[in-house]
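Beneath this line is the structure, given in structure tokens, with notes to follow.
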């Protein structure tokens, strides 16, 4: 979304972090650099940090690099987290991520210096019954 003036918030959706190789990483940064005019008109960056597989250790470098990229642009960073596996994985798509893995995501986002996070889901069932939400509540309550 692009809007004029300081009263209208500006948003930039970061490209997905690439850690496969140094060349792929450099290409990712160049693609983001191409968006510099949009980033300059943006107040906050909202990278999407969605898990596609059940390997929670893969989340750490993904989150770290995405948040670092926001900081490189000197913008506030509020990553989007979704407590379900991404649809790019046909086996796990839409299934809930275990609560302890979501807790690890919340902690990683904080540890790598994001200014906050946006946690969302698309169902209309009370969230308080889900492990991801219980972990989120405990995480929030643990912040001094």
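The values are calculated or read from the model by the stated rules, or taken from the named source; none is laboratory data. Computed from a predicted structure; not experimentally measured. Ideal geometry is used to build each Cβ from the backbone, glycine not excepted, and the neighbour counts take in all protein chains shown.
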> What are the residues in the range 73-87 that are within 16 Å of the chain's Cα centre (by Cα) and surrounded by fewer than 17 Cβ atoms within 10 Å (Cβ to Cβ), if any?
Replying inline: 76, 80, 86, 87
>> Could you check the range 99-110 and list, in sequence order, the residues that are over 22 Å from residue 29 (Cα atoms) and out of contact with any strand residue (DSSP E or B) (no Cβ under 6 Å at 6 or more places or on another chain)?
In response: 99, 100, 101, 102, 103, 104, 106, 107, 110
>> Tell me the residue from 43, 54, 121 that is closer than 29 Å to residue 22 by Cα, in contact with a helix residue (DSSP H, G or I) (Cβ under 9 Å, 6 or more places away or on another chain) and touching a residue at least 12 places away in the same chain (Cβ under 8 Å), please.
In response: 54
> List pairs: first in the range 69-92 and without any contact (Cβ under 8 Å) to a residue 24 or more places away in the chain, second in a loop (DSSP other than H, G, I, E, B), Cβ under 7 Å, 6+ apart or cross-chain?
Replying inline: 87/93; 87/94
>> I'm checking my understanding of the structure. Among residues of the range 119-144 that are surrounded by 12 or more Cβ atoms within 10 Å (Cβ to Cβ) and outside any helix (DSSP H, G or I), which one is farthest from the chain's Cα centre (by Cα)?
In response: 130
> Do the conditions hold for residue 114, that is, is it assigned to a helix (DSSP H, G or I), at pLDDT 95 or above and either surrounded by 12 or more Cβ atoms within 10 Å (Cβ to Cβ) or in contact with a strand residue (DSSP E or B) (Cβ under 8 Å, 6 or more places away or on another chain) (or both)?
Replying inline: no
